[in-house]
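Reading through the structure tokens given below for one structure.
All of the numbers you see were taken from the coordinates with simple rules; none came from a lab. Everything numeric here is computed off the predicted structure, so don't read it as measured data. Positions of Cβ are backbone-derived with ideal geometry, glycine not excepted, and every protein chain shown enters the neighbour counts.
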Amino acid sequence: MKSEDKPFLPACAKDLKERLALPDTPTGVSREELASCICPTISRLLNQHMEKLLQLCYQVDLGEEKLKQILNHSPVSSMAMDLSLALVDRQLLKVRLRAAYRSDPDT
């Protein structure tokens, strides 16, 4: 985990918890641990509810190219984890950007 990500992980976990309707997600964990927490849900969506998964990717604004790359090139055994990591990374980026613009003194 990048040290600059640590302060943003709780907000990222909260957002993913709400988007995925998870009962609980730990907030004091690493990027990889957070991805591991959401991986079973992502795997279920991948196997049973592809339309909902695509809708989630759209809502999170995971790039179409990134999604295609994972779906077409990741081994089936790691596809859910690769997708989980990509979703966590995208959410972390969004949380960091929100914080940067919120604290921007020029606005």
Relative contact order of segment 3-94, pairs being alpha-carbon contacts under 8 Å that are 6 or more residues apart, as %: 36 percent
Using Cα atoms only, what is the angle between the long axis of helix 9-20 and the major principal axis of the chain, expressed in degrees (0 to 90) to the nearest 10? 40 degrees
Please name whichever of M50, I38, V76 sits farthest to the positive end of the charge dipole of segment 3-94, dipole taken about the Cα centre and charges placed at Cβ: Lys and Arg +1, Asp and Glu -1. M50
Which one, (i) 49, 25, 18; (ii) 46, 30, 15; (iii) 45, 27, 24, gives Cα extents along the principal axes in Å as derived from the coordinates shown? (iii)
Magnitude of the Cβ-charge dipole of the chain, K/R +1 and D/E -1, about the Cα centre, nearest 20 debye? 120 debye
Highest mean first, what order results for 94-100, 42-48, 84-90, 32-38 on Cβ atoms within 10 Å? 84-90, 32-38, 42-48, 94-100
Reachable lysines from K68, criterion Cα separation under 25 angstrom, eight or more residues apart if same chain: K17, K52, K94
Rounded to 10°, Cα long-axis angle of helix 31-48 versus longest principal axis of the chain: 40 degrees
Rounded to 10°, Cα long-axis angle of helix 79-102 versus longest principal axis of the chain: 20 degrees
